[in-house]
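Scroll down for the structure; my scribbles are underneath it.
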Amino acid sequence: MKYIVLTIVSMFLVQLSIGQTLSGKVVDKKTKETIPFASVFITGVEIGTITDSIGNFEFQFSLPKEVTLRVSASLFEAKLVTIQSNQVVTIELEPSHLELDEVILIMPTGVMQRDNTVRVDRLKLNDLSTIPASNLADAMSNLNGVQQASMGAGISKPVIRGMQGVRVLTAWNGMRIENQQWGADHGMAISQLGIESVEVIKGPSSLLYGADAFGGVVYLAEEKFSKQNAYSVELNSKFETANLGTTNTAMIKFSKNHMRFNLGALYSNNADYKMSNGKFLSDSRYRDMGMKARFGVNKDNWVMQVNYMYSRSYIGIPGHTHDSIPNPEDFMKTEQGRERSIPAQSINNHMVQMENKFFLGSDKIQFMLGYTQNSLLEYEDKVTIPGLGMLLRNGLYHAQYQKDIGSWNVSAGLQGMYQVNSNDESALEQLIPNFNQFDNGLYVIANYRSKSNFSIQFGGRYDVRVLNSGGFTESYSSPNFSIGGKYFWGETLKNTLRFNVSSGFRAPHVSELLVDGVHHGALRYEVGNPNLKSERATQFDVNYELEMEHLSVVLNPFYNYIQNFTQIVAQDSLIDMMPVYFYEQIDQAQLYGVDVGFHYHPHFAHWLHIESSYALIYGESLSGENMSLMPQPKLSNLIRLQFKKKQKFNLDEVVIKHAHYFAQDRITAYESASVAYDVIDAGLKFKWYMKNPIEINLGVKNALNAQYVNHLSRLKNIGVYDMGRNFYVSLIYQFNGKLSK
Amino acid sequence: MKKKMFVITMALVAMATVSCKKDECSECHYENDQNEEVELGEYCGDDLEAIEASGYNYNGVNYEVHCHEH
């Protein structure tokens, strides 16, 4: 027996130790001319390079036997190529003047967006630099069907097709983030520092990410490492007038032979913001500090990455009051404050993740271990004694095996999380009790891609959650599935049709089951319901895309059927001068709507982009009662003008954005309707073309100083407004160089 | 180049770790039996923590202390 085990281990180790090198060139498929400065990136190994002036590239260290390259260049269609290493390859790219396609990371198999059976919306944060977003949730609101629920400028979270909080799962490099997101006044636990892109699946995705991936999944992908044997440094500084806010970030990257390292830091300090009436919203000030470190190493068929993130925030809680009928004037000040004050949240987050990948021919094995820790202290009446204090710790694991069999790719995995929440004993109050819960899920996903025009994906998963809190013990379990297909046809008119049916499962959270007390941050007294059942959802999603020579169009209707939908409902009573809310369930509910968009980018005016999108959603019980906090329908328009470099100090880009929010009068009792409003932003991007260029962005958000409050704002009911006119300027300085081998 | 990288790395580390928590100070007060605010002056650090936790004793009566404007 000993000799059999030894033999198997030896074969495994031999597979791991067989390393390969790779070189080649990238050419235009039509003209066969070489393409200089094309990007060649090895997915999974996470190392890339740029072709030289005659289109050649080389990876100078040993690689797995089989690798997948993502090859892209401006004015060409990006391509994924799986090849055997240890050879010289020629990769041909098809000319295209539309936007680059990208590898989708949220799916277990790295596929290009156009080949994916599930519609994934993707955003590169660098693309927003001309009109920079205030935070990640604000950045994501640029995606159709995604809005943000905010409480002032420092607290914001994404809302995907009407779902937020515990119904939206956020994953950082595939690892789930937990930060008491059940609280209406608890924002995202992560800043934009070091984040390259955001991918969003709209609708239930429990097959991929388990329980709580109910309304959608947000996947945050870290910035890539520097290209091989090179370093880069980026410094970014931004100033905004509405809250006299400064945000400074620095990111340094090294990549040398087998090892790579990224290190970044952020500091942001923001005063109370100015509303359109000229007054300042008290306690809307906040400050953030954070750092990130990322390390990667590869040897032959093994790749390891370690990611670490630390963040610390002190965030004012605006709108805090004990009055049952608050006076908006109490929250509007004539002087702008920045110093630490109360009420406020003090939040510390640590996240660490280690991922190992083993490439065995066309097979891949991945192991991920992670730990996250979120400390939340809320100071209400005392400066040094928290009113509320909780420490949330999570241990996470994920093991996955992937295999390619001809046109099939099969993934199977085991994923889980152990979570413990502890109340701070020095805190004056306790809102939810101490608890621990253990989640485990087992899944299988199969993808088929034909050589012609269609692909299908289907899979199944089983999740179990065991929850313990004092004398309350309960387990929740559910199978989940997903099935989808994609069909592509046409040459001049390129048509893509996707159809997906997916299920979601969400066990009730402790905050819904056992809460009993004043939640100052949410301005209400909350009462839980220990008899809540798990929510279950089944979404039907159809996505049609038409790509013509100058125009692309997307049409995406959807229907989501939900059982046991939990909502918090206002009662006609007060406790401790706070309105009372109970957790209740609707037996059967439905969310349905449509996302539509188009992008016009003509050949004859290659510098012009016109984009427009519209998102509409209805949420109601099957008996016709409205669901609360449904987003206002939104029409977004964008004009982008891009100019070639003509002088040393050049105007590179002009962007004008317009968002029209339609009125929302599909509301519940004790919820107020919201009026329509418009917001216009405009920005200019200049570039000073020195040896190391400096990018200067300046512009204005809410240029017309519109007086509005979004329907999803937690401050709506106290009569204060979102931010008024806000001028900004940002500087981005980047330099890089080579490192000796 | 090495010197530049070293300086930048140190600046990053400094930016990330500079959190010198200087003693927090606040103006404190209590409400007397006539519901009038009585100012107690500025308290810092451990003294601030102590007075918030234990209150202020005046003529044998212990009053809850509030520090910082709400």
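The values are calculated or read from the model by the stated rules, or taken from the named source; none is laboratory data. Predicted, not measured: the structure shown is a model, and the values here were computed from it. Note: ideal-geometry Cβ built from the backbone for every residue, glycine included; neighbour counts use all protein chains shown.
If you take the residues of the stretch A:165-175 that are surrounded by 21 or more Cβ atoms within 10 Å (Cβ to Cβ) and closer than 14 Å to A:Tyr308 by Cα, which of them is nearest to the chain's Cα centre (by Cα)?
By that ranking, first place goes to A:Trp172.
crowded, with 16+ Cβ neighbours inside 10 Å, in contact (Cβ under 8 Å) with a residue 40 or more places away in the chain, touching a Lys or Arg at 6+ places or on another chain (Cβ under 9 Å) and within 19 Å of A:Gln164 (Cα to Cα): does that describe A:Ala615?
On the way: crowded, with 16+ Cβ neighbours inside 10 Å: yes; in contact (Cβ under 8 Å) with a residue 40 or more places away in the chain: yes; touching a Lys or Arg at 6+ places or on another chain (Cβ under 9 Å): yes; within 19 Å of A:Gln164 (Cα to Cα): yes.
The answer is yes for A:Ala615.
Select, from A:Arg294, A:Arg287, the only residue that is within 11 Å of chain B (Cβ to nearest Cβ) and closer than 25 Å to A:Gln181 by Cβ. Explain how you work it out, then say what you get.
On the way: A:Arg294 fails: within 11 Å of chain B (Cβ to nearest Cβ).
Step by step, each of A:Arg294, A:Arg287 is checked, and only A:Arg287 is within 11 Å of chain B (Cβ to nearest Cβ) and closer than 25 Å to A:Gln181 by Cβ.
Please pick out the residue among A:Ser255, A:Ser191, A:Ser205, A:Ser226 that is among the small types (Gly, Ala, Ser), more than 14 Å from every other protein chain (Cβ to nearest Cβ) and touching a residue at least 60 places away in the same chain (Cβ under 8 Å).
It is A:Ser205.
If a residue has to be loosely packed, with under 15 Cβ neighbours inside 10 Å and either among the β-branched types (Val, Ile, Thr) or more than 24 Å from A:Asn277 (Cα to Cα) (or both) to count, how many in the stretch A:329-347 make the cut?
Total satisfying the criteria: 1.
Do the conditions hold for A:Val71, that is, is it more than 30 Å from A:Thr246 (Cα to Cα), modelled with pLDDT under 90 and either in contact with a strand residue (DSSP E or B) (Cβ under 6 Å, 6 or more places away or on another chain) or in a strand (DSSP E or B) (or both)?
On the way: more than 30 Å from A:Thr246 (Cα to Cα): yes; modelled with pLDDT under 90: no; either in contact with a strand residue (DSSP E or B) (Cβ under 6 Å, 6 or more places away or on another chain) or in a strand (DSSP E or B) (or both): yes.
When the stated conditions are applied, A:Val71 does not pass them.
Given the criteria assigned by TED's automatic domain parsing to the domain that holds A:Asp516, touching a residue at least 40 places away in the same chain (Cβ under 8 Å) and not in a loop (DSSP other than H, G, I, E, B), does A:Asn436 qualify?
When the stated conditions are applied, A:Asn436 does not pass them.
Which of the residues that make up the stretch A:126-144 are hydroxyl-bearing (Ser, Thr, Tyr) and either in a helix (DSSP H, G or I) or within 14 Å of the chain's Cα centre (by Cα) (or both)?
Across the stretch A:126-144, the qualifying residue is only A:Ser141.
Taking the stretch A:204-260, which residues are among the hydroxyl-bearing types (Ser, Thr, Tyr), within 24 Å of the chain's Cα centre (by Cα) and surrounded by fewer than 21 Cβ atoms within 10 Å (Cβ to Cβ)? Break it down into steps so the answer makes sense when it comes.
We begin by selecting, within the stretch A:204-260, every residue among the hydroxyl-bearing types (Ser, Thr, Tyr); these are A:205-206, A:209, A:219, A:226, A:231-232, A:237, A:241, A:246-247, A:249, A:255.
After this cut, where a residue has to be within 24 Å of the chain's Cα centre (by Cα) as well, the list is A:205-206, A:209, A:219, A:226, A:237, A:246-247, A:249.
If the condition is that a residue be among the hydroxyl-bearing types (Ser, Thr, Tyr), within 24 Å of the chain's Cα centre (by Cα) and surrounded by fewer than 21 Cβ atoms within 10 Å (Cβ to Cβ), then A:Ser237, A:Thr246 are the ones that fit.
Given the conditions (1) farther than 28 Å from A:Asp283 by Cα; (2) in contact with a helix residue (DSSP H, G or I) (Cβ under 8 Å, 6 or more places away or on another chain), report the number of the one that A:Arg714 does not fulfil.
Exception for A:Arg714: condition (1).
Surrounded by fewer than 22 Cβ atoms within 10 Å (Cβ to Cβ) and under 29 Å from A:Lys238 (Cα atoms), is that true of A:Arg294?
So A:Arg294 fails the test.
Based on this model, can you work out whether A:Glu491 counts as within 19 Å of A:Glu178 (Cβ to Cβ) and either outside any strand (DSSP E or B) or within 26 Å of the chain's Cα centre (by Cα) (or both)?
no
Which of the residues belonging to the stretch A:679-707 are under 26 Å from the mean Cα position of the chain (by Cα) and assigned to a loop (DSSP other than H, G, I, E, B)?
Correct list: A:Asn702 only.
Scan the stretch B:1-24 residue by residue and report those that are at pLDDT 65 or above and more than 9 Å from chain A (Cβ to nearest Cβ).
Passing the criteria: only B:Asp23.
Using the structure shown, decide if A:Val217 is at pLDDT 90 or above, assigned to a strand (DSSP E or B) and assigned by TED's automatic domain parsing to the domain that holds A:Val159.
Spelling it out, A:Val217 is indeed at pLDDT 90 or above, assigned to a strand (DSSP E or B) and assigned by TED's automatic domain parsing to the domain that holds A:Val159.
Looking at the stretch A:100-125 only, could you name the residues that are within 14 Å of the chain's Cα centre (by Cα) and outside any loop (DSSP other than H, G, I, E, B)? Spell out the reasoning first.
Within the stretch A:100-125, the first condition is being within 14 Å of the chain's Cα centre (by Cα), and the residues that meet it are A:104-107, A:120-125.
Listed by number, the residues that qualify are A:Ile104, A:Asp121, A:Arg122, A:Leu123, A:Lys124, A:Leu125.
For the stretch B:37-70, how many residues are away from every other protein chain (no Cβ under 14 Å) and either among the hydrophobic types (A, V, I, L, M, F, W, C) or under 24 Å from A:Ser282 (Cα atoms) (or both)?
Within the stretch B:37-70, residues that are away from every other protein chain (no Cβ under 14 Å) and either among the hydrophobic types (A, V, I, L, M, F, W, C) or under 24 Å from A:Ser282 (Cα atoms) (or both) number 5.
Would it be correct to say that A:Ser740 is crowded, with 20+ Cβ neighbours inside 10 Å, in contact (Cβ under 8 Å) with a residue 24 or more places away in the chain and not in a helix (DSSP H, G or I)? Please lay out each step first, then the result.
Working: crowded, with 20+ Cβ neighbours inside 10 Å: no; in contact (Cβ under 8 Å) with a residue 24 or more places away in the chain: yes; not in a helix (DSSP H, G or I): yes.
The answer is no for A:Ser740.
With A:Ser426, A:Ser502, A:Ser482 as the choices, which residue is modelled with pLDDT under 95, of a type in the set (S, T, N, Q), surrounded by fewer than 16 Cβ atoms within 10 Å (Cβ to Cβ) and in contact with a Pro (Cβ under 9 Å, 6 or more places away or on another chain)? Spell out how you get there, then give the answer.
Working: A:Ser502 fails: surrounded by fewer than 16 Cβ atoms within 10 Å (Cβ to Cβ); A:Ser482 fails: surrounded by fewer than 16 Cβ atoms within 10 Å (Cβ to Cβ).
One residue alone meets the criteria, A:Ser426.
For the stretch A:451-492, which positions are more than 22 Å from A:Ser422 (Cβ to Cβ) and of a type in the set (S, T, N, Q)?
Once the filter is applied, which keeps residues that are more than 22 Å from A:Ser422 (Cβ to Cβ) and of a type in the set (S, T, N, Q), the stretch A:451-492 yields A:Ser452, A:Asn453, A:Ser455, A:Gln457, A:Ser477, A:Ser478, A:Asn480, A:Ser482, A:Thr492.
Does the stretch B:27-68 hold any residues that are assigned to a loop (DSSP other than H, G, I, E, B) and touching a residue at least 40 places away in the same chain (Cβ under 8 Å), and which are they?
B:His68
With over 29 Å from A:Leu523 (Cβ atoms), surrounded by 18 or more Cβ atoms within 10 Å (Cβ to Cβ), of a type in the set (D, E, K, R) and touching a residue at least 12 places away in the same chain (Cβ under 8 Å) as the only criterion, which of A:Lys645, A:Lys634, A:Lys687 stands out?
Testing whether each residue is over 29 Å from A:Leu523 (Cβ atoms), surrounded by 18 or more Cβ atoms within 10 Å (Cβ to Cβ), of a type in the set (D, E, K, R) and touching a residue at least 12 places away in the same chain (Cβ under 8 Å) leaves just A:Lys687.
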